[in-house]
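> Here it is: the structure, laid out below.
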Amino acid sequence: MTERPAAASTADALGRWLAERFGGQVHLLGTPSTAGDGYDTTVHFVRYGGAVLPPEWRRDLVVRIHPTADRSGLARHEAAAQNWCADRRYPAPRVLAVFDAGDLLDLPVQVVERAPGGTMLAAVLGRPWRARAMLRGLADLH
């Protein structure tokens with residue numbers, strides 16, 4: 001298993017790609033952060049600025065790093081399903097880019113618009129007596 005890169009090195013690599021892709025200066029806004037490990041992906045939060053960037057690339061972004069190099073196909077499949085939902089106006093954040101292992105990092109990477117609001121974990125920890133109802137509501141949404 002390849003070691004997953006830290007938020008700062010991931011943000012630097014993505015910033016270089018953005019500058020090359022859009023042909024101009026791109027700068028990181030604020031300090032990239034990590035949500036920790038997701039179910040099976042590492043999740044970093046970043047935001048970029050620069051006149052060359054389209055609006056969707058200047059919003060808060062989520063960078064999902066898959067755990068193994070052989071997961072590029074899965075990353076593309078997930079992105080297609082999520083964008084299908086977004087195209088039909090379901091409340092799904094759009095996947096802006098998918099990088100195969102070796103294209104941006106040594107592992108597959110998805111760059112996703114960050115959905116507004118907090119995490120389910122934060123909501124449950126903030127009001128643990130509502131955990132059952134929140135989980136039931138999440139299950140109903142799925």
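> Can you give the three extents of the C-alpha atoms in the chain along their principal axes, from longest to shortest, in whole Å?
Rounded to whole Å, the extents work out to 49, 35, 31 Å.
> Please state the shape class of region 23-107: rounded when a/c is under 1.5, otherwise prolate if a/b exceeds b/c and oblate if not, all from the C-alpha gyration tensor.
Here region 23-107 falls in the oblate category.
> Shifting gears a bit: For a Förster distance of 22 Å, can you work out the FRET efficiency between the beta-carbons of ASP106 and ALA51, rounded to the nearest 0.05?
0.10
> May I pose another question? Under 5 Å between amide H atoms, partner at least 5 residues away or on a different chain: which partners does LEU96 have, H built in plane at 1.01 Å?
VAL111, VAL112, GLU113
> Work out from phi, with θ = phi - 60° and the Karplus expression 6.51 cos²θ - 1.76 cosθ + 1.60, the ³J(HN,Hα) of each residue of region 86-103, listed in order in whole Hz, and give x for Gly and Pro.
So the J values, rounded to whole Hz, are 4, 4, 9, 6, 6, x, 10, x, 7, 8, 7, 7, 10, 10, 5, 4, x, 7.
> Measuring with a 1.4 Å probe in the full set of protein chains, what accessible area per residue, in whole Å², belongs to the chain?
Ligands and nucleic acids excluded, the figure is 62 Å² per residue.
> Further, regarding this structure: When the chain is modelled as a GNM with alpha-carbon springs shorter than 10 Å, which of THR31, THR41, THR68 fluctuates the most?
THR31
> Could you put HIS66, HIS27 in order of accessible surface area, largest first, with the 1.4 Å probe and the full protein assembly present?
The ranking, largest first, comes out as HIS27, HIS66.
> Also, quick follow-up: Which whole-number percent gives the relative contact order of the chain, counting Cα pairs below 8 Å spaced six or more residues apart?
Reported as a whole number, the value is 19 percent.
> So, with a 1.4 angstrom probe, what is the percent of accessible area on region 1-93 that is carbon and sulfur?
That share works out to 52 percent.
> Taking the Cβ of TYR48 as the centre, find all other residues whose Cβ is under 14 Å away and add up their charges (Lys, Arg: +1; Asp, Glu: -1).
+1
The values are calculated or read from the model by the stated rules, or taken from the named source; none is laboratory data. All figures in this text were calculated on a predicted structure; none of them were measured in a lab. No Cβ is skipped: glycine too gets one built from the backbone with ideal geometry, and neighbour counts run over all protein chains shown. Heads up: the accessible areas ignore ligands, DNA and RNA and are worked out on the full protein's heavy atoms, side chains in. Shrake-Rupley method; radii C 1.70, N 1.55, O 1.52, S 1.80 Å.
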